[in-house]
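**Q** One structure, as structure tokens, below. Some questions next.
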Amino acid sequence: MNSELDAAITRAAEIIISGNPIVAFTGAGISVESGIPDFRSPGGLWSKYEPSVYCNFQIFRKRPELFWEMATEMHATMKNARPNPAHFAMAELERLGLLSCIVTQNVDNLHQEAGSNLVYELHGNASKSTCIGCKQSFATNDLISELESNKDLKVPKCPTCHGVIKMNAVLFGEPLPRNVLENAMRAARETKVLLVVGTSLVVSPANSIVDLCKDNDGKVLICDPNPSNETLADVMLCGAAGMILPRLVNACSMLLRRGSIADL
Ligand SMILES: [Zn+2]
């Protein structure tokens, strides 16, 4: 047993119980244990498909076949991904009434699959796609199957208006969905506790989410195998989220059952 980690988990649970409902903020790191690889790692998808080209909104408007070529290959690595214990622990925090919402940079839909209800997806959701003409919605899985079974088809087209179909993930150069961003910012501003999992906090608006919480005297709990953001954390939970978050939920449940906590 790692007593330093145990102590950090207990401290984090006490902060959650005293400041709930909390807000969670998640990034790619939480889904690595679900089998979704880091596309930026050497040999990853981005070394084959330069994202500034293949995931560029302006280029998509002219040459959507480039995006769908990349998306078909990405889908092969993501289609078997299932929520891991970290996603289920987040859903359990919500069920216990300790978590109000999740703000995520992920587009993989795994929080919802694990049972979380209120999820603000800053970068959209790759499991659904929309016709840019008539706004009809499609399951991305069905579109990819269509592309895979018909090699002459390079871009899925809407059967109603023949418009180009675009995945509901935000591309480079495309604005973040404004309502989602506003709701996420408000949640970060109002929460007393922000639980950050699996994000490097480098990309905007990720860094502002943490700043908004801290500017309003909120506490920040960070769960990450890499302690690089330790200076931002009131409590650093260093390790794999799939191992730590279930233990954190257990610690919270115990405190709830006990009904009282030590003075913080
Ligand atoms: Zn259409």
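**Q** Quick one: in the stretch 113-166, of everything that is assigned to a loop (DSSP other than H, G, I, E, B) and hydroxyl-bearing (Ser, Thr, Tyr), which residue is nearest to the ligand (Cβ to nearest atom)?
**A** Residue satisfying both the conditions and the ranking: Thr160.
**Q** For the stretch 189-208, what are the residues that are under 15 Å from the mean Cα position of the chain (by Cα) and either at pLDDT 95 or above or not in a helix (DSSP H, G or I) (or both)?
**A** Across the stretch 189-208, the qualifying residues are Leu194, Leu195, Val196, Val197, Gly198, Thr199, Ser200, Leu201, Val202, Val203, Ser204, Pro205.
**Q** Conditions: (1) touching a Leu at 6+ places or on another chain (Cβ under 7 Å); (2) closer than 17 Å to Ile17 by Cα. Asp217 meets all but one. Number of the miss?
**A** (1) is the only condition that Asp217 fails.
**Q** Continuing with the same structure: On the given criteria, is Glu94 farther than 22 Å from Ala13 by Cβ and either in the same structural domain as Arg257 (by TED's automatic domain parsing) or not polar (S, T, N, Q) (or both)?
**A** Criteria not met by Glu94.
**Q** Can you tell me which condition Gln112 does not meet? The list is (1) farther than 24 Å from Ala188 by Cβ; (2) without any contact (Cβ under 8 Å) to a residue 12 or more places away in the chain, and all the others hold.
**A** For Gln112, the failing item is (1).
**Q** A further question follows. Quick one: which residue in Ala91, Ala28 is of a type in the set (A, V, I, L, M) and at pLDDT 95 or above?
**A** Just a single option satisfies the conditions, and that option is Ala91.
Here is a yes/no grid of residues against (1) among the aromatic types (Phe, Trp, Tyr); (2) crowded, with 19+ Cβ neighbours inside 10 Å; (3) assigned to a loop (DSSP other than H, G, I, E, B):
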| site | (1), (2), (3) |
| --- | --- |
| Pro42 | no, no, yes |
| Arg61 | no, no, no |
| Glu65 | no, no, no |
| Glu69 | no, no, no |
| Thr77 | no, no, no |
| Ala81 | no, no, yes |
| Met90 | no, yes, no |
| Val107 | no, yes, yes |
| His111 | no, yes, no |
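The values are calculated or read from the model by the stated rules, or taken from the named source; none is laboratory data. Please read all numbers here as calculations on a predicted model, not as lab measurements. As a convention, Cβ positions derive from the backbone with ideal geometry for all residues, glycine included, and neighbour counts pool all protein chains shown.
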